[in-house]
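Chemist: Please find one structure pasted underneath; my questions will follow.
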Amino acid sequence: MEKNVLNEKINALRKEKNAVILAHYYQVAEIQEIADFVGDSLDLSRKSAETDADVIVFAGVHFMAETAKILSPQKKVLLPDLRAGCSLAESCPVDEFRAFREQHPDHIVVSYVNTTADVKALTDITCTSTNALKIINSIPESQPIIFAPDRNLGNYLNGLTGRNMLLWDGACHVHEEFSLEKIMNILEEHPDAKLIAHPECTRPVQIAADFIGSTSALLRFVTTDESKKFIVATESGILHQMRKKNPDKTFIPAPPIDSTCGCNDCRFMKMHTLQKVYESLRDDKFEIRLDDEIIRKAVMPIQKMLELSN
Ligand code: SF4
């Protein structure tokens, strides 16, 4: 079906079903364009909690749709492609994490939102890359912390706060795989460019970066900074908003180690298509269902995060 026909059908169904489409910054451009709201994990959590729609179509990955369901259990939450998981969330299986937590009973658990609902149910406070520093700093220095699941973000936060949080050894396939060598080659070709990186990137990329920040912080930085050219070391979907907000600036996606193309896509985010968003709305698929007890436990750390980040 053609894009404009799909857009019309999506708009009609959205109205008929009182639905809202939430899209992550890493989503394909045509879905970002039709979404009611585009944002990072924190923005999307807030929108999920606030919306008065009956149906939420979540054009993100599985853990994000679960978070929406946890915050709005009475609403129907749909994920257009059920295979849209997350390598970072998968790097923290619940049984192994439970055993790890039990080995450290004096620690409290801060989990990045990129975890399954089961892991959130074992967490004291969740965080996103946008509010992680604020959340960590709200915890007394004498209180030991387990930080899960991203080791690169955890190391970065340990460096910023001077703490020694115990880190779960997980990582995201997109941010782990940027090639510093290829980035340096691009910097040589474009000496006027600034390198900006997400804190999920590895330490060598972080050290080389002119600015490190969450997806939203990177977007803000390129919009307010005087430079005209940026090499962007995060998922390439954000380049759509960067270009839209800054048509006079140049954005070069940082390349991964193994790739024939020049950018680093999240294979899970990119499973969604406009056609799948349409079918999701039309056929109510695929609905996210969670156990009531998991919702009851998992909502507490998310609500704490939302309170602390206001
Ligand atoms: Fe998960 Fe990484 Fe994809 Fe984000 S970019 S959804 S952390 S796999």
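Chemist: Diagonalise the Cα gyration tensor of the chain and give the resulting equivalent ellipsoid semi-axes, square root of 5 times each eigenvalue, largest first, whole Å.
Modeler: 29, 28, 16
Chemist: Rounded to the nearest 500, what is the 222 nm mean residue ellipticity of the chain from helices alone, with -39500 (n - 2.57) per DSSP H run of 4+ residues and division by all residues?
Modeler: -12500 deg cm²/dmol
Chemist: Also, I was wondering about something else. DSSP loop (so not H, G, I, E, B), at most 15 other Cβ within 10 Å: list which trypsin sites (Lys or Arg not before Pro) in the stretch 62-151 pass both filters.
Modeler: Filter output for the stretch 62-151: 83.
Chemist: Which of the lysines could a cross-linker span from residue 9 if the Cα-Cα distance has to be under 29 Å and same-chain partners fewer than 8 positions apart are dropped?
Modeler: 17, 47, 69, 75, 76, 244, 245, 270, 276, 285
Chemist: With all protein chains present, how much of the accessible area of the chain (probe radius 1.4 Å) comes from carbon and sulfur, to the nearest whole percent?
Modeler: Carbon-and-sulfur percentage of accessible area, whole number: 49.
Chemist: In units of 2.2 N^0.38 Å, what is the alpha-carbon radius of gyration of the stretch 61-115?
Modeler: 1.35
Chemist: Roughly how far apart, in whole Å, are the Cα centres of the stretch 88-138 and the stretch 1-68?
Modeler: 26 Å
Chemist: State, to one decimal in nm², a quarter of the convex hull surface area for the C-alpha atoms of the stretch 154-202, i.e. the direction-averaged projected area.
Modeler: 4.3 nm²
Chemist: Also, I was wondering about something else. With the Cα gyration tensor of the stretch 1-94 in hand, convert its eigenvalues to equivalent ellipsoid semi-axes via √(5λ) and list them largest first in whole Å.
Modeler: After scaling each eigenvalue by five and taking roots: 22, 16, 11 Å.
Chemist: Kindly report the accessible area of the stretch 84-234 per residue (heavy atoms of protein chains, probe 1.4 Å, no ligands, DNA or RNA), in Å².
Modeler: 41 Å²
The values are calculated or read from the model by the stated rules, or taken from the named source; none is laboratory data. Computed from a prediction, not measured in an experiment: that's the story for all the values here. All Cβ positions, even for glycine, are placed from backbone atoms using ideal geometry, and neighbour counts span all protein chains on display. Areas reflect the complete protein model, heavy atoms only, side chains present, ligands, DNA and RNA absent. Shrake-Rupley method; radii C 1.70, N 1.55, O 1.52, S 1.80 Å.
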